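The values are calculated or read from the model by the stated rules, or taken from the named source; none is laboratory data. Being a predicted model, the structure only gives us computed values, none of them experimental. Using ideal geometry, Cβ is built from the backbone for each residue, glycine included, and neighbour counts are taken over all protein chains shown.
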Amino acid sequence: MCDSCGRRDHSAVFADLYLEARFERGTADTEAVPREELAPVFDAHGWGEVVPHLGGDDWIVWTPDGCEMPLYIYTPTLVEDTTTERDRFAALLATAGVGTERFIEVLDGQKASFDTDNRREPADPELAGNYGVKGGCGGNGEGGRWLVAIDVDDYEEATENHDQIEKLHAETLAVASAHTTVDRPGHLYVAVDGDPTAVVNDVLGRPVANPVASFGEIRVENQYCVGPGSEIVCNCDQCTPADADVHHGIGRYELATEQPPVVWTENEFREFLLADPAIRRETAAVEKCADPRDSVATTSTSGSRRPNDGSSRRDETLDDDPKERFDRAASVDPAVREALERLEDPADRSKADALFASAIAPWVDHDEDALRGLLDEHGAKWQTRPDESYRGSIVDYARRTAQRKVTSALPLGALEALEPAEQRRYLKTRGVDWPSSAEVTDRIRDAVLETMADEGYRVVEAPTGANKTGIATETPWTDLADTVTGGRPVVLFCETTAARAEAIDRAEQAGLDPLVLRGRTELCAVAAGEYDPATVDEDDPDAPEPIVLEGRPASEWFDTMCDERGIAFSVAHAEAEDLLARQGRQCPCCEGESRCAATVQWPSDGLVDDDGVPRYDLVIATDPFAFVPSLRTNTNIIHDEQPDYTEEFGLEEARPETITPRVTRAVTAFLGLSQAGPDTYEELVTLARECAACEAVPWNEHAAPAETPSADLAERWFATFDALEHEPARQWYFGDTRAHTLAPALARAIWKAIVNGGRSGSPDSGPFDQNGRASATVRHEPPRLDNDSRDGDGWNRTYVTVVVDETNQIRRVRNAPDMSTARAVVGLDARPTAWLWQRNVHPDLTVDPVLEPTERRHWRRFERRQIGVQVGDATRPAGTNGRYFTPHHARALLETLCEYSEDFRAVGCPLAFEEPLRELMRDAGVPDDDLASLHYGEEKSRNEFAAEALGLVYGCIDPGDDYVLDWLAECGLDAAPERSASACGDCSGEGCHACDGTGYRRAYGRGFVGPDADHAVELLESVRATHVAQMVGRFGRDLEAGEWNITFVATDAVPPDLVDYHVEGVVSVATDLQREIITELETRPSATTRELAAAVGCDKEHVRQTLADYESRDGTGVRRGRGIGEHGADVWRRRSTGSDFMRILFKPLVGERTRRG
């Protein structure tokens, strides 16, 4: 009787009902049956009440992602032990030199496996009953031969169409599958010297790992066949005796020919392929159109073939008709065939569309029109979703997944074991090449020098680690005065002081004599706070007298003047000297005839001598020094990384809620200086809205207004322009606490944004875009307020941009120095976003990549020897104050990395994650002295991780929609966040800030809609993907020759071209009690549920459920000995040691990892 339901023993009927359900589906080869299809069959036979209780030893029940109902597989134990068969089979494989680490666990009674990510030896304790043997590269020291399994579905057709099948049966290792016989076996195994995947790709003209032949499949790489000795439950006539009482039988796999696999050369394998009529038809179609000059082709990251000359012409090896390409793909590519099968009866229609698009895209050269046409014909959900938000996401998925695929023609695992020179020789024979690091550096140098010589404006795009900074800091610029620089100084702007320090060090090591400009707190002791009352020791008789300026400590006073009011430090310092003079004191940094080092670091006689020759090899400064007019007037500027000139007004957090009050005060104070026009910020925006709504209002102050609805509108209009052009006196900036040097420009930009609608320049379209924002940019001549100031020619010009929303809130202020006065401008960036460079530096900047995408990927992988491993599919944004940080996930990942290698000690992450991760790393065993971390925002041009052979990038920073919408307004782009059909949860559909007034929730996936949706995504990725890529690039830049770097990336925001492997990651984390149960089991050789329950203090059922859960896991968990304990109890033992509470499905990728030093 059954303990679950009291019915008679189920085993006699389970197989019949399960097979009937499979047969009813019409997919008898698919082991998993959904509940909605299994339950009716059980109901029809009076067993419906049993379905909710299925599980235990004979059933696997689980609910995959994207499915609403669970799936069921019946797994009865038919054969207890296959050790003998496995040993015999392994011995035959070893004789052929293909290696024996290729066995996997297969479900009892089935052909399916949840163990496909593993490669086990035949004696692995995880193997007991059914098992599989994987094809692919292996070897026991005899050249790394490949095992290829030829899976014959129809023996009659095979021998009729392919004369080598019968001959091969007699001379190689063969297995009779459940539905073939010893005389006509279904699985034939051969060993191949060389690379059979390259042969397949060359024959078919496409990267197909496991081609389909006329008789069945040729399993070349990472697929398996069920091994001899295994048994499956089946209802076919061959497996079921005619006189049986049940409707099922047992199919058994047996050795048919007990001899080692025959060894073929690549040419012999090629001949076998070409002898098949189905493959021969495809080859003929390829040869018909092939260009004889294109004798060797390489596979790009997208999967399409490209000619050796590096050109981007369309692949001509296949006909242009997408229908013909589709037919060929469906006949030879298993991925396409599987995708088509999913489309016939999809559990998840969106997923079926996406998988089909990803599989077929390489066959149509990723031509979007062709791809959409095939989806029109074969798509599932595609047929009912004509909206571009859905269709665009499917096309984008095909593009992204294609970029992530590693070309099957390249045996990457074997390549990583080769020395660099051998690796390059091997790949060159297959048409794959990439520039050396020296060649990449030469390309960057050529681009930089060419831009300067042409007096151009260009961003040079080159990968991280390609020595971009070295070219700026190590080039002898004064030697190139006649040919490159025009005899003008070269100024290098760095993003951070740390990056500046590295640039100084590199320049000095190269023998250059740079002029280094430093900030006020680095050179002025007063501004640095050394004379603040809190710093000076009153009990020290030799201590200096504290300095207080206008009631505030000196350093705070300087912060207020320079950061909060925008006054130049030299001007503020002169004011401080005057204030101290009134106190009868002299500024300590200006005693005697000396001057403050911060104000005299500028050469008094300029950067160029009387003969027009630069006085310094290089000027090095941080980005804020670009506001110094002399550094950007007729100089050659190099920006090492993109600068950001967003104005923060000295605030700790520059957000709309904090910026708006500051701008409001400054504008109100400025307007109050004039006797005409509005007196306050509120009056200014109110009048601007009134003018924006009046069609008669002219576009600017120079045009006469037409007749207006209001008698005084014209008068107020011109009065406002008078007020906006007012120039405050010098003392206003020091005397009014509300003042700011940008106040005049802020008022004009706000007025222009609202009145003219910013980008449109016309009131017809209204001032605000569809996201409720308006923006405008105005020219601004900041008041220098010192004796060096002069007018004309934009000598001191900046461009001030304001983004304001419908609630009159200031979203963003940008104050970008005018670079048009520079002789040449060069930007250096690994992943530049053109919009950001143009808004911060110069609108004419263009982006010039020095590497093609394929070159870039191969250079990183094989020249820099960096492997990227994406862990999981979660984005893992930091969120406000790190609220999305998941300690249990991070702990599990860190513990596994520490177990994987003692080399692990460095992590890059969002600032909010940094301290929690450092604490978890300590807990995982990383010593404090070794532990290293960087957070986003400080990673650019930093080399702390240059010597790390192993690293982790955890999480990303997501700026949110507001960031993107502000940029859209500033750039004049038209797009909006994609919305779902569900009402907003905050306002129940009435419209609020959370839903931007639409009443609908944000659609999943962070997509955008509108004519400029692609640019919106680009702006989003400029933060997410760019920071992740920069952080990945920090690792392994300075390893010893031949050493590899592996960087694990726990976010899906990583750019696809940086991903070589994609692993599942942390998929389950135990409760504290489950941890205790597993830990207790690990301390014992074995234990029963009763013993474990007594040890941890819980009931036996909880122990049983915990252990059963771990038993079902793939590659981890526990092992059960059924009924072998006292009184027939089950005995449990730990299946493996290591990280107990999660799965990270990767194995060591390159060699053994050991800690350096």
Going through region 380-413 in order, the residues found to be hydroxyl-bearing (Ser, Thr, Tyr), at pLDDT 50 or above and buried (at least 16 other Cβ atoms within 10 Å of the Cβ) are 389, 390, 393, 397, 401
Flagged pairs (Cβ under 7 angstrom, 6 or more apart or on separate chains; first in region 368-382, in contact (Cβ under 8 Å) with a residue 12 or more places away in the chain and in the same structural domain as residue 330 (by TED's automatic domain parsing); second basic (Lys, Arg) and buried (at least 19 other Cβ atoms within 10 Å of the Cβ)) are 382/391
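Which residue, of 697, 667, 663, is modelled with pLDDT of 90 or more and either in a loop (DSSP other than H, G, I, E, B) or in contact with a strand residue (DSSP E or B) (Cβ under 6 Å, 6 or more places away or on another chain) (or both)?
Details: 697 fails: modelled with pLDDT of 90 or more; 667 fails: either in a loop (DSSP other than H, G, I, E, B) or in contact with a strand residue (DSSP E or B) (Cβ under 6 Å, 6 or more places away or on another chain) (or both).
That would be 663, the only listed residue that is modelled with pLDDT of 90 or more and either in a loop (DSSP other than H, G, I, E, B) or in contact with a strand residue (DSSP E or B) (Cβ under 6 Å, 6 or more places away or on another chain) (or both).
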Picked from region 102-123 (must be assigned to a loop (DSSP other than H, G, I, E, B) and at pLDDT 90 or above), the residue nearest to the chain's Cα centre (by Cα) is 102
Note: among 909, 956, 971, just one is under 30 Å from residue 773 (Cα atoms) and either surrounded by 22 or more Cβ atoms within 10 Å (Cβ to Cβ) or of a type in the set (Gly, Ala, Ser) (or both), namely 956
Within region 503-534, the residues that are in contact with a helix residue (DSSP H, G or I) (Cβ under 7 Å, 6 or more places away or on another chain), in a helix (DSSP H, G or I) and in contact (Cβ under 8 Å) with a residue 60 or more places away in the chain are 503, 507, 520, 523
- [ ] Please indicate, with yes or no, whether at least one residue in region 483-497 is hydroxyl-bearing (Ser, Thr, Tyr), in contact with a helix residue (DSSP H, G or I) (Cβ under 8 Å, 6 or more places away or on another chain), surrounded by 18 or more Cβ atoms within 10 Å (Cβ to Cβ) and over 30 Å from residue 574 (Cβ atoms).
- [x] yes
Within region 800-854, of all residues that are hydroxyl-bearing (Ser, Thr, Tyr) and touching a Ser or Thr at 6+ places or on another chain (Cβ under 6 Å), the one farthest from residue 748 (Cα to Cα) is 854
Within region 219-243, of all residues that are surrounded by 22 or more Cβ atoms within 10 Å (Cβ to Cβ), touching a helix residue (DSSP H, G or I) at 6+ places or on another chain (Cβ under 7 Å) and in a loop (DSSP other than H, G, I, E, B), the one modelled with the lowest pLDDT is 220
Requested in this report: Confirm whether residue 149 is at pLDDT 90 or above and touching a Ser or Thr at 6+ places or on another chain (Cβ under 8 Å).
Outcome: no
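Name the one entry in 815, 796, 787 that is in a loop (DSSP other than H, G, I, E, B) and either crowded, with 21+ Cβ neighbours inside 10 Å or modelled with pLDDT of 95 or more (or both).
Numbers: 815 fails: in a loop (DSSP other than H, G, I, E, B); 787 fails: either crowded, with 21+ Cβ neighbours inside 10 Å or modelled with pLDDT of 95 or more (or both).
So the residue among 815, 796, 787 that is in a loop (DSSP other than H, G, I, E, B) and either crowded, with 21+ Cβ neighbours inside 10 Å or modelled with pLDDT of 95 or more (or both) is 796.
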Out of curiosity, is residue 464 assigned to a loop (DSSP other than H, G, I, E, B), at negative phi and at pLDDT below 95?
-> yes
Checked region 595-636 for anything in a loop (DSSP other than H, G, I, E, B), closer than 18 Å to residue 518 by Cα and either modelled with pLDDT under 90 or within 40 Å of the chain's Cα centre (by Cα) (or both); matches are 595, 601, 602, 603, 604, 606, 607, 617, 628
Across region 6-20, the tally of residues that are modelled with pLDDT of 75 or more and either surrounded by fewer than 20 Cβ atoms within 10 Å (Cβ to Cβ) or farther than 16 Å from residue 52 by Cα (or both) stands at 1
